[in-house]
Amino acid sequence: MNTPTELGFTMPAEWETHQATWLTWPHNPETWPGKLPQIEKVYVEMVKALSLGEHVHININHNLNPQKIQKLLTDEGVQNFTIHSFPTNDSWIRDYGPTFVKNASELALIHWGFNMWGGKYPPWDLDEKIPSRIAQFLEFKKFSPGMILEGGSIEADGCGTLLTTESCLLNPNRNPHLKKNQIEKILYDNLGVKKILWLKDGIVGDDTDGHIDDLTRFVAPGKVISIIEDHTSDANYIPLRTNIKLLEKMKDAENRSLEIILLPMPKPVINQGVRLPASYANFYIGNKVVLVPTFQDKNDEHALEIIASCFSTRKIIEIPARDLVFGLGACHCLTQQQPDR
C-alpha cells in the first residue's frame, strides 16, 4: 500500500486556510478540579472567536446535555458550530485527534496511536477512537502508521519542514521499539515532509515530556517564534537557551536559515507546589483570529504584541489561561485544525 507521501499528501501549516476547527467540550473533573464552570466559559470565548472565520466541531460526552451547551453558545451569538456525540476521556484533542493531510485532490487524516503521554493518566480508550470517528463522519481516507504520536509534538511549516523534540519523540514510554531514524522515516512517509528539525527538552511542568507547541512555533515559512527565559536562576533558563542555539544553526527544507523571534515566559504558575506548563507559545492560529493564552502576568501584553506582529491579517484574541493551565495545557492543546480542500 502506498504511503500518504507517495500519494502526494502533505501536512499543511496551521496558518493555511481551515475548513473547520475541532474541539472536545470539557467534562473531566480530574483535569480541572473544581474549575469546570470557569473552563466552560473559556471554551465559549474560544468557540465564539473561531466561529467568526470557520466552522467549529465540538465533541461531547454522553453525560453532557447538548441543549445546554448549544444554549451557552447561542446566547453569545455563536451559530457556526456542530455538536457531535463522540465520547472522550479528556479534552486534549490536539494530541489524540487526527493529523489532517491533503494532496491536490483530497483531504485525508492520519490516525496515530495514542497512549496518554506514556500511560500517565488511564484510561484513554475513548480518546484513541476519535480519529476514526472523525474520519467516518467526514468520509475521509484514513492512514494508520502504527506509531504513538501526539499532535502537540510536531509543528509543520507547510513547505516540507517539521519541528519536534527529542525529549518527547525519543522517550521510551512512546515507541521503545523504534530508533530515531525509524521514527523519522514514519514521519517522512506520512506527513510529506523533507526535513525534520530536532530540539532537545521541553519546559518544566510539561507532563507531555516536552511538546514542541509549548516551545517553538512556525509563524511563516522560514520564520519561528520561540520562548526564552531571562532569569538565570529559573529551571527553564538553560534548556530554552540550548534550543535557541540549535535553532540558530538550523536550516529548513528550502535551505533557509531560520528567522527567530523571541517570546518571553510568564512567571511560574504553581499549583499545590507543582509548576504548571504556562507558555505563550501555546497559541492557536484560526482563519481570522489567533487565540493566545495569558496568565495575569506582566509579560502578557508584551507577548500579545509579539504574536500580533507575526499575524497582521488576524485579530489577536486573549484567552485567560490561568485556569486552563491547571489542566496542564492551553489553547493549542485543546484545538485541531481541519484544512480547507
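Laboratory data are not the source of any read-out in this text; all were calculated from the coordinates shown. Here the structure is a predicted model, which is why all the values come from computation and not from measurement. Reconstructed Cβ throughout: ideal geometry from the backbone, glycine too, with neighbour counts over all protein chains shown.
Here are a few things to note about the model shown:
- Scan of region 64-86 for residues that are more than 17 Å from MET46 (Cβ to Cβ), out of contact with any His (no Cβ under 7 Å at 6 or more places or on another chain) and not in a helix (DSSP H, G or I), ordered by number: ASN65, PHE86
- Annotation: GLU150 fulfils all but one of (1) under 16 Å from LYS102 (Cα atoms); (2) in contact with a Ser or Thr (Cβ under 7 Å, 6 or more places away or on another chain); (3) not β-branched (Val, Ile, Thr); the unmet one is (1).
- Residue pairs meeting the criteria (Cβ under 6 Å; at least 6 apart or on separate chains; first closer than 15 Å to ILE93 by Cβ, in region 31-46; second crowded, with 19+ Cβ neighbours inside 10 Å and not aliphatic (A, V, I, L, M)): THR31/ASP90; THR31/GLY327; ILE39/PRO26; ILE39/TRP32
- Candidate set: region 182-201, residues that are in a loop (DSSP other than H, G, I, E, B) and more than 17 Å from ALA281 (Cβ to Cβ); chosen: the one farthest from the chain's Cα centre (by Cα): LYS194
- The residues of region 202-251 that are among the basic types (Lys, Arg) and outside any helix (DSSP H, G or I), listed by number, are ARG217, LYS223, LYS251.
- Boolean, ALA278 is buried (at least 18 other Cβ atoms within 10 Å of the Cβ), touching a Phe, Trp or Tyr at 6+ places or on another chain (Cβ under 7 Å) and in contact (Cβ under 8 Å) with a residue 60 or more places away in the chain: yes
- Of all the listed residues (LYS200, LYS195), the sole one being within 21 Å of SER257 (Cα to Cα), surrounded by fewer than 17 Cβ atoms within 10 Å (Cβ to Cβ) and out of contact with any His (no Cβ under 7 Å at 6 or more places or on another chain) is LYS200.
- Verdict on ILE261 being under 25 Å from PRO12 (Cα atoms), touching a Cys at 6+ places or on another chain (Cβ under 8 Å), surrounded by fewer than 22 Cβ atoms within 10 Å (Cβ to Cβ) and not small (Gly, Ala, Ser): yes
- The listed residues are TRP92, TRP15, TRP22, and the only one of them that is touching a His at 6+ places or on another chain (Cβ under 9 Å) and in contact (Cβ under 8 Å) with a residue 12 or more places away in the chain turns out to be TRP22.
- Any hit, region 49-58, residues being farther than 30 Å from TYR121 by Cα, free of Cβ contacts under 8 Å to residues at least 60 places away in the same chain and either assigned to a loop (DSSP other than H, G, I, E, B) or not β-branched (Val, Ile, Thr) (or both): yes
- Of residues in region 111-120 being out of contact with any Leu (no Cβ under 9 Å at 6 or more places or on another chain) and buried (at least 17 other Cβ atoms within 10 Å of the Cβ), the one nearest to LEU191 (Cα to Cα): HIS111
- Residue in region 100-110 that is charged (D, E, K, R), farther than 24 Å from TRP15 by Cβ and surrounded by fewer than 18 Cβ atoms within 10 Å (Cβ to Cβ) present: no
- From the options ALA281, ALA308, residue that is in contact with a strand residue (DSSP E or B) (Cβ under 6 Å, 6 or more places away or on another chain), more than 17 Å from THR24 (Cα to Cα) and not in a loop (DSSP other than H, G, I, E, B): ALA308
- Each residue in region 125-166 was checked for being over 16 Å from CYS333 (Cα atoms), part of a loop (DSSP other than H, G, I, E, B) and not small (Gly, Ala, Ser), and 7 of them qualify.
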